[in-house]
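Enquirer: Questions regarding the structure given below will be posed in turn.
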Amino acid sequence: MEDFILREIDRLGEMLTLIARRLGLLDGGTPGYTVRDVKAEFGNAGFPVDVDAILKHENPIWFLVEQMKASDYAVEIFVEILFNSDIDDPVKEALLDDALAYLDGKGHFSFRLHSLKM
């Protein structure tokens with residue numbers, strides 16, 4: 001029970017931080033990445049990912065979760081990184097919508113990803 005309460009407190013803190021950034025109360029806007037930067041960083045982290053192949057899937061989030069065994073947190077981070085990259089806006093929106101449908105369907109409300117819809 002204590003773990004659940006601590007996780008919820010962390011999520012509330014994350015939500016408040018995101019809201020404060022949106023309102024301009026905190027510095028630290030999101031950086032812009034190129035897709036090449038994203039690929040290089042995943043490779044440097046020992047997790048080489050074929051971003052292009054993932055994005056070509058009809059349901060890229062399903063592929064990440066089912067085939068690559070990505071956690072909910074990994075899905076959130078992956079989508080946030082790509083959302084702040086230079087990929088085309090329709091691809092960003094489709095990826096975000098796919099992630100939100102997956103996470104919301106599980107009952108996992110992602111403040112991080114919902115803040116990107118604003």
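The values are calculated or read from the model by the stated rules, or taken from the named source; none is laboratory data. Owing to the predicted nature of the structure, the values given are computational and were not obtained by experimental measurement. What goes into the accessible areas is simple: the full protein's heavy atoms, side chains included, and nothing from ligands, DNA or RNA. Shrake-Rupley method; radii C 1.70, N 1.55, O 1.52, S 1.80 Å.
Enquirer: In segment 54-114, carbon and sulfur make up what percent of the accessible area (probe 1.4 Å)? Show your work: numbers first, answer last.
Expert: Numbers: 1700 of 3180 Å².
After summing per-atom areas, the C and S share lands at 53 percent.
Enquirer: A further question on this structure: Output ³J(HN,Hα) for segment 48-58: one whole-Hz value per residue in order, computed from phi by the Karplus curve 6.51 cos²θ - 1.76 cosθ + 1.60 with θ = phi - 60°, and x for Gly and Pro.
Expert: These are the phi-based 3J(HN,Hα) values: x, 10, 8, 4, 4, 5, 5, 5, 7, 5, 4 Hz.
Enquirer: As a test of the definition: which semi-axes, in Å, follow for segment 53-110 when you take the square root of five times each eigenvalue of its alpha carbon gyration tensor? Largest first, please. List each step's numbers first, then the result.
Expert: Numbers: eigenvalues 56, 33, 22 Å².
Equivalent ellipsoid semi-axes, largest first: 17, 13, 10 Å.
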